[in-house]
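Colleague: I have a structure here, written as structure tokens, and I will follow up with some questions on it.
Here, each number is a calculation from the coordinates, and none is a lab measurement. None of these values were measured; they are calculated from a predicted model. Methodologically, a virtual Cβ is constructed for each residue, glycine included, from the backbone with ideal geometry; neighbour enumeration extends over all protein chains shown.
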Amino acid sequence: MGFTMKFEWIYTWNVIPELLKGMKMTMFIAVLGILLGFMIGLITGLIRSGKHRILQPVTGIYVTVIRGTPLMVQALYLYFAIPMMLQFNLSALTAGILAIGLNSGAYISEIVRGAIQSVDPGQREAGECLGLNPFQITTAVILPQAFKIMLPGLCNQFIISVKDTSLLTVIGVAEMTHQASRAVSSTFRTVEVYTALAILYFLLNTLLSFLLAKWERRMK
Amino acid sequence: MSEAILKIENLSKSYGELEVLKDMNLEVKEGQVISVIGPSGSGKSTFLRCMNLLERPNSGTILYNGKNVMEKHYEKRELHKEVGMVFQRFNLFPHKSVMDNIILAPKKLKLGSKETLKEQALFLLEKVGLESKAEEMPKNLSGGQQQRVAIARALAMNPKVLLFDEPTSALDPELVGEVLKVMQDLAKEGMTMIVVTHEMGFAREVSDHVIFMEGGYIVEEGKPEEVFSNPQNERTKKFLSSVL
């Protein structure tokens, strides 16, 4: 059966306000998620570049598990499986932010670890020889230098996380992809709506890349 | 004679199978300037780095003011507050200005108010001839200037002993003199110094005691005029004839 419709831009245009609402949610989740991810990544990255007997392997397992499973599965697990096992409720939004946070945290952990390891070991020695304690050396000497090295990786991870939020549609978070799917089911204008969706993601990420690159230059 | 401020007994260090220091002994008295010379790979730097526990010796004792710093529960930060170090590659903090490099540690360790510390830093900068560079970033300074800042930074902790790990080896030849001059001034003021160096002129003119190391051993030691003018050991003779 041949069921074709002529592409009509007006549908692409008309769906945009609805998608922009989703974009707000997308950005909300991405920003909170990456902030959470940065905190997790910073702490676990610091632990992983140290030598703690218990914490070091534990954080290693965290990174391995997250990197070894898809984000969509992590979101499903957080939203459905864990609340069911532990008998509590979690909103889709919270689960979504947690999923992005835990997921990006593992990658940021590696970014942080790599950056810390690439700071000249002489810097730590200089701090040590001045009588500073390990915490002071880390916060005043190592991290400010490591942060500059992390920047490109962090910016990159932010863009990745923005795009990753689209996977949260499986747990019903009203982000942009979810809004698009809903629009498709009410208008049946699959091609027009998804075209609008792709264009909006593209514009959003291009703009973010531009802004992040500018910020990165300023920080250097 | 005064008591030794630093006393090293039977110190050895190995990396796996490789023994880099064998049965080292050294006594450092207050105000003494000791130069450690010898070919590359002879263990000079490792010896120096063992003295302030940047490298952990495998055996032996290090007594600082009579206290064994190799004991298990000794807090090595206490040693670092009194035994400063100047590195071959300066190791200034690149993200901090000259002033902040100098006051960072004293500020963190609450050794004085910010104003007092800044005043002291300016005094030290004047001493190394860099009072006009307080607000510069390290990368805008020449190697010789950076090393002088590093010396000022170490002095800001009011160390009792200063260790120098080849302080002029990373410098362009024309910048060596300015750093040696600062070190010479310190020696005159009575700072206790242990200097690993390739500058034979400095070792000969400024130090009270010279140690010649090779293959992880102290091959010969003594007053500079003895070691330089009348070396007893064949290896010392060979080394000196190749560098002088």
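Colleague: With the dipole of the stretch B:1-116 worked out from charges on the C-beta (+1 for Lys and Arg, -1 for Asp and Glu) around the Cα centre, which of B:Phe93, B:His73, B:Ile5 lies farthest toward the positive end?
Modeller: Value computed over the given set: B:Phe93.
Colleague: In degrees between 0 and 90, to the nearest 10, how far off the longest principal axis of chain A does helix A:176-187 point, with axes built from Cα atoms?
Modeller: That helix lies at roughly 10 degrees to the long axis.
Colleague: Okay, moving on. Normalise the Debye intensity by I(0) for the stretch A:18-219, one equal point scatterer per Cα, no solvent, then take log10 at q = 0.13 Å⁻¹ and round to two decimals.
Modeller: -0.78
Colleague: I've got another one for you. Roughly what would the spin-label model give for A:Val31 and B:Arg56, points 7 Å off Cα along C-beta, in nm?
Modeller: Placing both labels 7 Å along Cα→Cβ, they lie 4.8 nm apart.
Colleague: Working from Cα positions, state the angle (0 to 90°, nearest 10) between the long axis of helix A:9-48 and the longest principal axis of chain A.
Modeller: So the helix axis and the longest Cα principal axis differ by about 20 degrees.
Colleague: Expressed in nm to one decimal, what extension gain is obtained for the pair B:Phe123 and B:Glu75 from 0.36 nm per residue of sequence separation less their Cα-Cα distance?
Modeller: 14.2 nm
Colleague: Can you spot the lysines whose alpha carbon is less than 19 Å from B:Lys181's alpha carbon? Ignore those fewer than 8 places along the same chain.
Modeller: Excluding near neighbours in sequence, the set is B:Lys127, B:Lys133.
Colleague: Determine the relative contact order of chain A: mean sequence separation of Cα pairs under 8 Å and six or more apart, normalised by residue count, in whole percent.
Modeller: Averaging sequence separation for qualifying contacts and normalising by length gives 32 percent for chain A.
Colleague: Please order A:Asp164, B:Asp172 by the number of other Cβ within 10 Å, starting at the fewest.
Modeller: Arranged by neighbour count, lowest to highest, A:Asp164, B:Asp172 become B:Asp172, A:Asp164.
Colleague: Next question. Which of B:Tyr64, A:Tyr107, A:Tyr194 comes first, and how do the rest follow, when ranked by fewest Cβ neighbours within 10 Å?
Modeller: Exposure proxy ranking, most exposed first: A:Tyr194, A:Tyr107, B:Tyr64.
Colleague: Per residue of B:95-108, count partner chain C-beta atoms within 10 Å of its C-beta, then hand back the mean as an integer.
Modeller: Shielding by partners across B:95-108 averages 3.
Colleague: Take the alpha-carbon centre of the stretch A:45-112, take the same for the stretch B:141-198, and report the distance between them in whole Å.
Modeller: If we compute the Cα centre of each part, the gap is 50 Å.
Colleague: Additional query: Which residue, B:Glu214, B:Glu115, B:Glu199, has the most motion in a Gaussian network model of chain B that connects Cα atoms within less than 10 Å?
Modeller: Among B:Glu214, B:Glu115, B:Glu199, the largest mean-square fluctuation in the Gaussian network model of chain B belongs to B:Glu115.
Colleague: Hey, could you get me the Stokes-Einstein D for the stretch B:193-244, Kirkwood radius over alpha-carbon pairs, 37 °C and 0.692 mPa s, rounded to whole µm² s⁻¹?
Modeller: 297
Colleague: For the residue pair A:Ala81 and B:Glu19, what label-to-label distance in nm results when each label sits 7 Å from Cα along the Cα-to-beta-carbon direction?
Modeller: 5.7
Colleague: So what's the gap between the Cα centers of the stretch A:164-220 and the stretch B:57-88, to the nearest angstrom?
Modeller: 59
Colleague: Further question on the same structure: When only Cα pairs under 8 Å and 6 or more residues apart are kept, what is the percent relative contact order across chain B?
Modeller: Taking the mean separation of contacting Cα pairs over the length of chain B, I get 26 percent.
Colleague: Can you list the HN-Hα couplings for the stretch B:209-221, worked out from phi with the Karplus curve (6.51, -1.76, 1.60; θ = phi - 60°), rounded to whole Hz and with x for Gly and Pro?
Modeller: Going residue by residue, I get 8, 10, 10, 9, 10, 8, x, x, 10, 7, 7, 7, 8 Hz, with x marking Gly and Pro.
Colleague: Another question, if that's okay. Calculate the FRET efficiency for A:Glu8 and A:Leu90 from the Cβ-Cβ distance with a Förster distance of 30 Å, rounded to the nearest 0.05.
Modeller: 0.15
Colleague: What are the residues whose amide H is under 5 Å from the amide H of B:Ser59, where those residues sit 5 or more places off or on another chain and H is modelled from the backbone?
Modeller: Long-range HN contacts for B:Ser59: B:Ser12.
Colleague: Per DSSP H run of n ≥ 4, the term is -39500 (n - 2.57); total these for the protein assembly as shown, divide by its residue number, and report the mean residue ellipticity at 222 nm rounded to 500 deg cm²/dmol.
Modeller: Value at 222 nm, helices only: -18000 deg cm²/dmol.
Colleague: To the nearest 20 debye, what charge dipole does the stretch B:36-152 have about its Cα centre, counting +1 at the Cβ of each Lys and Arg and -1 at the Cβ of each Asp and Glu?
Modeller: In total the dipole reaches around 320 debye.
Colleague: At 7 Å along Cα-to-Cβ for each site, give me the label-to-label distance between B:Glu234 and B:Lys114 in nm.
Modeller: Using points 7 Å along Cα→Cβ, the separation is 6.4 nm.
Colleague: Now, a different point. Quote the charge dipole size of the protein assembly as shown about the Cα centre in Debye, to the nearest 20; the model charges only the Cβ of Lys and Arg (+1) and of Asp and Glu (-1).
Modeller: Its charge dipole is roughly 1720 debye.
Colleague: Using alpha carbons only, how many degrees (0 to 90, rounded to 10) separate the axis of helix B:173-188 from the longest principal axis of chain B?
Modeller: The angle comes out at about 90 degrees.
Colleague: Here's another thing I want to ask about it. How much FRET efficiency would the formula 1/(1 + (r/R0)^6) give for B:Ser12 and A:Lys148, where r is the Cβ-Cβ distance and R0 is 51 Å, rounded to 0.05?
Modeller: Efficiency computed from Cβ-Cβ geometry: 0.80.
Colleague: Continuing with this model, one more query. What's the magnitude of the charge dipole for chain B around its Cα centre, counting Lys and Arg as +1 and Asp and Glu as -1 at the beta-carbon? Answer in Debye, nearest 20.
Modeller: 780
Colleague: Pick from A:Arg182, A:Arg124, A:Arg67: which residue has the top mean-square fluctuation in a GNM of chain A where Cα pairs under 10 Å get a spring?
Modeller: Looking only at A:Arg182, A:Arg124, A:Arg67, the biggest GNM fluctuation is shown by A:Arg124.
Colleague: Given the options A:Gly131, A:Gly50, A:Gly153, state which has the largest fluctuation in a GNM of chain A using a 10 Å cut-off (strictly under) for Cα springs.
Modeller: A:Gly131
Colleague: Please compute, for peptide A:130-142, the average count of beta-carbon atoms on other protein chains lying within 10 Å of each residue's beta-carbon.
Modeller: So the per-residue partner count for this stretch is 5.
Colleague: Within 10 Å of each residue's Cβ, count the other Cβ atoms and sort A:Thr138, B:Thr192 from fewest upward.
Modeller: Taking fewest neighbouring Cβ atoms as first place, the list is A:Thr138, B:Thr192.
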